[in-house]
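Student: Pasting a structure here, questions to come.
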Amino acid sequence: MDSLSRLIYPAFSLPISPKLIKSINNLNFRFIWRDKCHYIKKNDMIKNYEEGGANAIDFDVMNGVLKLKWLRSFIRNKNSFWNIIPNLIFGKMGGIDFLLRCDFDCSSLPVKLSAFHQQALLYWKLIYKHNFTPHNTPIWNNRYIRLCRKSVYMDEWRSKGIWAVAHFMDENGVLLKHETFCEKFDVRCTTKRYKSLIKAIPVPLRSMIKEDIVHSKISPGLRQLCIAGVEFDDSRFTNKVIRNILINEICPNPVKRNYILKEFESMEVKAIRKKYISLPLSPKVKEVHFKIINEVYPTNEFLRQKFNLDVNACTFCENDIESLDHLFFYCESVHSFWTDVELATVQENSVTTFNGDSNKIWNTC
Ligand SMILES: [Zn+2]
């Protein structure tokens, strides 16, 4: 685990390749399972305790949190000395604020970005949902609108208020003629350039925007930089929130192992999964609890199924199959142990409650 903390600093300022992320994860999870069989898959292990996971660290998620944290600090402090170069680079695509609202593709952007910036933008694309509304579709940095295989950005036109595909259409969704467009927005460009840009807009996209303009009559508006209802640069958007969003994106399916938990309500299940973590118990006891509620405790029957062994008899009574239920509850030897524990607990309570008052002992018993 110490190894992961040492990786934070380099990951904060360098891109980490997918191959390296995979190697780090392999190393980390082999350590967790003590270099033995992994009984629970990684995607379940990285979930929160409440959701049935073990809060294990996925380096891909950790790297994503660090890269998104950088992106947020860049947005918050655009004029900082440290952001002069990123500002110049992203300024060629309308600035970071504008680019993040566009439906871009890193490989087709007009400027070649560093691997670090590309990775930060890829994590952004993972958490930011472009709720597609045709009339709000930006024409700039759009992955579907390309000239010479690159998406387009024209700063001069944007400064005149042109940024959406809808700006190239009239109120009936018909594409503006070159002269009409130049006159309307007070811009200068050749007919050839204008036509090539119009031609780059895919026909299905044009049709959708036309339908939208005709029916909704709403003027285009840029999307908000909101994720799960929270502004990206808001202080509520903590590392923990980013981590949870990334985990839900990377592994959206809930944990399916519901042995013993199937009998309980969802709130009780959450308590069973989480409360023991804060109890003053040794890590080994907590590990046993986690293995039991996830049905991966190595009973003889479990090992037989997993590794095709011959023996599955109970270690204590040697009569029945050593299943999880049998080992911890139904086995006679174990049952007498629990009875003794119960008696011992009751007696201890009696002594505690006694305090010289015999009536209290009677009531407690
Ligand atoms: Zn037994």
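The values are calculated or read from the model by the stated rules, or taken from the named source; none is laboratory data. Please read all numbers here as calculations on a predicted model, not as lab measurements. FYI the Cβ positions are ideal-geometry reconstructions off the backbone, even for glycines, and counts take in every protein chain you see.
Student: Does Tyr259 satisfy being touching a helix residue (DSSP H, G or I) at 6+ places or on another chain (Cβ under 7 Å) and of a type in the set (Ser, Thr, Tyr)?
Tutor: Numbers: touching a helix residue (DSSP H, G or I) at 6+ places or on another chain (Cβ under 7 Å): no; of a type in the set (Ser, Thr, Tyr): yes.
The answer is no for Tyr259.
Student: May I pose another question? Considering only residues that are in a loop (DSSP other than H, G, I, E, B) and polar (S, T, N, Q), which ones fall in the stretch 162-207?
Tutor: Taking the stretch 162-207 as the starting set, the residues that turn out to be in a loop (DSSP other than H, G, I, E, B) are 162-163, 170-174, 176-177, 186-190, 201-202.
Asn172, Thr190 - these are the residues of the stretch 162-207 that are in a loop (DSSP other than H, G, I, E, B) and polar (S, T, N, Q).
Student: Considering only the stretch 232-244, state which residues are part of a loop (DSSP other than H, G, I, E, B) and either free of Cβ contacts under 8 Å to residues at least 40 places away in the same chain or over 20 Å from Arg76 (Cα atoms) (or both). Walk me through it before giving the result.
Tutor: Of the stretch 232-244, the ones part of a loop (DSSP other than H, G, I, E, B) are 232-238.
Asp234, Ser235, Arg236, Thr238 - these are the residues of the stretch 232-244 that are part of a loop (DSSP other than H, G, I, E, B) and either free of Cβ contacts under 8 Å to residues at least 40 places away in the same chain or over 20 Å from Arg76 (Cα atoms) (or both).
Student: Residue check: is Met45 at pLDDT below 95, crowded, with 19+ Cβ neighbours inside 10 Å and over 30 Å from Ser266 (Cβ atoms)? It would help to see each step written out before you state the result.
Tutor: Details: at pLDDT below 95: yes; crowded, with 19+ Cβ neighbours inside 10 Å: yes; over 30 Å from Ser266 (Cβ atoms): no.
When the stated conditions are applied, Met45 does not pass them.
Student: Still on this structure, I have one more. Give just the number: which of (1) among the acidic types (Asp, Glu); (2) part of a loop (DSSP other than H, G, I, E, B); (3) touching a helix residue (DSSP H, G or I) at 6+ places or on another chain (Cβ under 8 Å) does Asp35 not satisfy?
Tutor: Failed condition: (3).
Student: Going residue by residue through the stretch 328-346, is there one that turns out to be surrounded by 15 or more Cβ atoms within 10 Å (Cβ to Cβ) and among the charged types (D, E, K, R)?
Tutor: no
Student: Sort out which residues of the stretch 199-242 are aliphatic (A, V, I, L, M) and either in contact with a Lys or Arg (Cβ under 9 Å, 6 or more places away or on another chain) or on the phi > 0 side of the Ramachandran plot (or both), and write them in order of number. Explain how you work it out, then say what you get.
Tutor: To start, the set of residues in the stretch 199-242 that are aliphatic (A, V, I, L, M) comprises 200-201, 203, 205, 208-209, 213-214, 218, 222, 225, 227-228, 230, 241-242.
Passing the criteria: Ala200, Leu222, Leu225, Ile227, Ala228, Val230, Ile242.
Student: Pick from Asn63, Asn79, Asn87: which is assigned to a loop (DSSP other than H, G, I, E, B) and of a type in the set (S, T, N, Q)?
Tutor: Values: Asn63 fails: assigned to a loop (DSSP other than H, G, I, E, B); Asn87 fails: assigned to a loop (DSSP other than H, G, I, E, B).
One residue alone meets the criteria, Asn79.
Student: Counting only residues that are away from the ligand (no atom under 13 Å from the Cβ) and assigned to a helix (DSSP H, G or I), which one in the stretch 293-337 is nearest to Ile272 (Cα to Cα)? Don't jump to the end; show me each part of the working.
Tutor: Restricting attention to the stretch 293-337, the residues satisfying the condition of being away from the ligand (no atom under 13 Å from the Cβ) are 293-298, 302-311.
Next, from what is left, pick out any that are assigned to a helix (DSSP H, G or I): 293, 302-307.
Working: Ile293: 8, Phe302: 22, Leu303: 25, Arg304: 28, Gln305: 26, Lys306: 26, Phe307: 29 Å.
The residue in question is Ile293.
Student: With Ile57, Ile16, Ile24, Ile40 as the choices, which residue is aliphatic (A, V, I, L, M) and part of a helix (DSSP H, G or I)? Walk me through how you get there before you give the answer.
Tutor: Working: Ile57 fails: part of a helix (DSSP H, G or I); Ile16 fails: part of a helix (DSSP H, G or I); Ile40 fails: part of a helix (DSSP H, G or I).
Testing whether each residue is aliphatic (A, V, I, L, M) and part of a helix (DSSP H, G or I) leaves just Ile24.
Table: residues versus (1) part of a helix (DSSP H, G or I); (2) without any contact (Cβ under 8 Å) to a residue 60 or more places away in the chain; (3) out of contact with any Lys or Arg (no Cβ under 8 Å at 6 or more places or on another chain); (4) not β-branched (Val, Ile, Thr).
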{"site": "Leu246", "(1), (2), (3), (4)": "yes, no, yes, yes"}
{"site": "Glu249", "(1), (2), (3), (4)": "yes, no, yes, yes"}
{"site": "Pro254", "(1), (2), (3), (4)": "no, no, yes, yes"}
{"site": "Met267", "(1), (2), (3), (4)": "yes, yes, yes, yes"}
{"site": "Ala271", "(1), (2), (3), (4)": "yes, yes, yes, yes"}
{"site": "Ile277", "(1), (2), (3), (4)": "yes, no, no, no"}
{"site": "Lys286", "(1), (2), (3), (4)": "yes, yes, yes, yes"}
